[in-house]
1. Using a Gaussian network model of the chain with C-alpha springs under 10 Å, which one of GLY246, GLY77, GLY116 is most mobile by mean-square fluctuation?
2. Subtracting the Cα-Cα distance from 0.36 nm times the residue separation, let me have the gained length for SER132 to SER253 in nm, one decimal.
3. If you average the alpha carbon positions of region 81-133 and of region 187-211, how far apart do those two centres end up, in angstrom?
4. Which of these, ALA183, ALA149, ALA31, has the largest mean-square fluctuation under a Gaussian network model of the chain (Cα springs below 10 Å)?
5. Could you work out which residue, out of ALA220, ALA102, ALA87, moves most in a Gaussian network model of the chain, that is, has the largest mean-square fluctuation with Cα springs under 10 Å?
6. Give me the compactness ratio for the chain, meaning the Cα radius of gyration over 2.2 N^0.38 Å.
7. Which percent of Cα-Cα pairs in region 1-144 sits in each 5 Å bin, short to long?
8. Please report ILE110, ILE262, ILE118 as a ranked list, fewest other C-beta atoms within 10 angstrom at the top and most at the bottom.
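Here, each number is a calculation from the coordinates, and none is a lab measurement. Here the structure is a predicted model, which means the values were calculated and not measured. Positions of Cβ are generated from backbone atoms using ideal geometry, with glycine treated the same way; all protein chains shown enter the neighbour counts.
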Amino acid sequence: MKFSFVVSVQRTSFQGVALQEGLEEKMELLAEAGYDGVELAVRNPFLLDADGLERALKRLGLGVSAIGTGQAFVDEGLSLTHPEEAAREEALRRVLRHLELASRWRSTLIVGLIRGRIGDRPRAEFESLFRSSMERLLERAEELEVPVALEPLNRYECDFVNTVEEALSWAREFRSRRLGILADTFHMNIEERDMWEAMERAHLEGKLFHVHVADSNRWAPGHGHLDWRGFAETLRRMGYGGWVSGEMQPRPSAEEAIRGTIALLKGLLRGF
């Protein structure tokens with residue numbers, strides 16, 4: 001098992017990320033704190049200096065656990081299901097570039113908010129657009145051998161794919177070995193009857209590709225009411241060997257979130 005923390009490459013209005021901009025400086029802090037890697041939240045991958053980033057990764061001995069795509073929706077309104085074709089195509093163009101970066105660093109690509117929201121549109125119309133975009137995305141993911149993680153999000157942030165079972169249902173429909181799910185403790189705490197059982201179900205289907213941690217209030221683990229011992233016991237029982245990544249607000253502060261998260265996780269999962 002390896003640990004990472006989300007860093008936003010570009011400034012964003014999204015509140016659920018503790019670290020923004022100053023990428024190399026933030027990566028140095030993560031390496032010093034004992035993380036194995038960084039998860040990159042990238043609004044526009046065409047603006048990323050990939051060669052410079054790779055040099056910093058090698059210098060610090062860090063991997064890239066995953067690449068997040070949702071800021072293109074949060075900050076620019078782009079999505080894979082946008083009703084306007086030009087906006088849909090731009091979202092897909094960026095996600096296909098995200099895939100190339102994920103291939104370069106052997107990372108997972110995350111499909112969260114970039115899938116868009118249904119709103120007042122007919123559900124069948126929305127799902128048709130989602131299906132079409134995902135088929136193109138997964139075709140390229142197969143070529144590049146990149147895992148793609150569909151992230152269930154809570155109902156207050158997204159009205160499409162809120163639970164682990166809903167995400168698994170789509171994974172079954174697409175029948176792509178490259179498509180799995182991301183289990184996020186903050187979202188699961190809102191939507192799941194039994195968070196740990198939901199994670200185990202995804203694992204049993206071979207579809208648990210990535211894990212996000214934040215406490216019930218989206219602060220660092222240990223500052224809310226989630227059962228972190230239960231979380232650790234579930235990972236042990238499953239034999240989960242992937243990445244666990246911190247995605248949270250900068251609370252109590254960004255540095256406290258970084259150091260507190262890794263201390264809690266390593267304390268509970270020592271020797272695993």
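1. Taking springs between Cα atoms under 10 Å, the residue moving most is GLY77.
2. That pair, SER132 and SER253, stretches by 39.5 nm at full extension.
3. First find each Cα centre; the distance between them is then 23 Å.
4. Of ALA183, ALA149, ALA31, the most mobile in the Gaussian network model is ALA31.
5. Between ALA220, ALA102, ALA87, it is ALA87 that shows the largest mean-square fluctuation.
6. So the Cα radius of gyration is 0.93 times the expected 2.2 N^0.38 Å.
7. Going from the shortest bin to the longest, the percentages are 2, 10, 20, 22, 18, 13, 8, 4, 2, 1.
8. ILE118, ILE262, ILE110
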